[in-house]
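The values are calculated or read from the model by the stated rules, or taken from the named source; none is laboratory data. The structure presented is a predicted model; accordingly, all values stated were derived computationally and were not measured. Positions of Cβ are backbone-derived with ideal geometry, glycine not excepted, and every protein chain shown enters the neighbour counts.
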Amino acid sequence: MESIVAVRVRYSKRAELERVLRCLKIADWYRENGYRIVLPKGLVVGKTYRRDRVERAVEKEYREKDYDAAAKVIETAWKRVSGRFVRALMRDGIPFLNEYTVQLTKYGTRGSYNPPKGIVINIDREDMDIGRTLRHEIIHLIIHKDIQRYKISHWKKERLVDLICRKIVGRGYRMQTIAEVDPRVDACFNEYYPDLSRVIRAMKPSL
């Protein structure tokens, strides 16, 4: 059965170049939040490079067939998990889009998101659970506006996304390891879910 939510997989050499340039630009943020990022061989986090130097590094590693194969894996994974996931969102009254765009990459972190409907998935991570990543990043996109509006910090946001995913997906969902979990996130979630806007509003930092 076709999912009512489509994922459109995209990839290109130019997109990989832009991905690497962005990773280099915000490398300090990744480091401050404990993320390890992957870059093309010869490029090092913390150094500054000319665009043409980065372009050559990406060109050397780009293999279209790797992305073709990964696209098929992602489409299959989405077919496997989307039905139950979307039905649970509908059951709990959580709004979602009818289509999301998935950009494939070999660089950066395991996964990330680009509002309003973009998901980035690293295809070179052996430990990648594609189904988990797709659902995790879609939840990020769903709550993004309220997260920005109420200035919720990064790891509180990640904890909330995990709580939502576990509620939607079930106990089999693998939670992230977070060094210091703020108990207010869990308390707000338990009190106000599935009203996500109210959950996030209750989480906002005190003045």
Practice item. Report the residue count in segment 184-207 for those that are over 21 Å from the mean Cα position of the chain (by Cα) and among the polar types (S, T, N, Q). Key: 2
Practice item. Evaluate the following for residue 202: is it modelled with pLDDT of 95 or more, loosely packed, with under 15 Cβ neighbours inside 10 Å and outside any loop (DSSP other than H, G, I, E, B)? Key: no
Study note, to complete from the structure: When segment 1-57 is checked residue by residue, the ones that are of a type in the set (Phe, Trp, Tyr) and not in a loop (DSSP other than H, G, I, E, B) are 29, 30
Review point. Within segment 74-106, can you find the residues that are under 17 Å from the mean Cα position of the chain (by Cα), part of a helix (DSSP H, G or I) and farther than 20 Å from residue 194 by Cβ?
Key: 74, 75, 77, 78
Review point. Identify, please: which residue in segment 107-121 is part of a strand (DSSP E or B) and not hydroxyl-bearing (Ser, Thr, Tyr) and is, among those, modelled with the lowest pLDDT?
Key: 111
Exercise for review: Test residue 146 against the stated conditions and say whether it is without any contact (Cβ under 8 Å) to a residue 60 or more places away in the chain, assigned to a helix (DSSP H, G or I), closer than 16 Å to residue 10 by Cβ and not hydrophobic (A, V, I, L, M, F, W, C).
Suggested key: no
Review point. Looking at segment 143-183, which of the residues that are over 18 Å from the mean Cα position of the chain (by Cα), surrounded by fewer than 14 Cβ atoms within 10 Å (Cβ to Cβ) and not aliphatic (A, V, I, L, M) is nearest to residue 86 (Cα to Cα)?
Key: 170
Point to revise | Odd one out for residue 57 among (1) under 18 Å from the mean Cα position of the chain (by Cα); (2) surrounded by 17 or more Cβ atoms within 10 Å (Cβ to Cβ) | key: (1)
Exercise for review: Please find, among 47, 72, the residue that is closer than 18 Å to residue 134 by Cβ and exposed (fewer than 15 other Cβ atoms within 10 Å of the Cβ).
Suggested key: 72
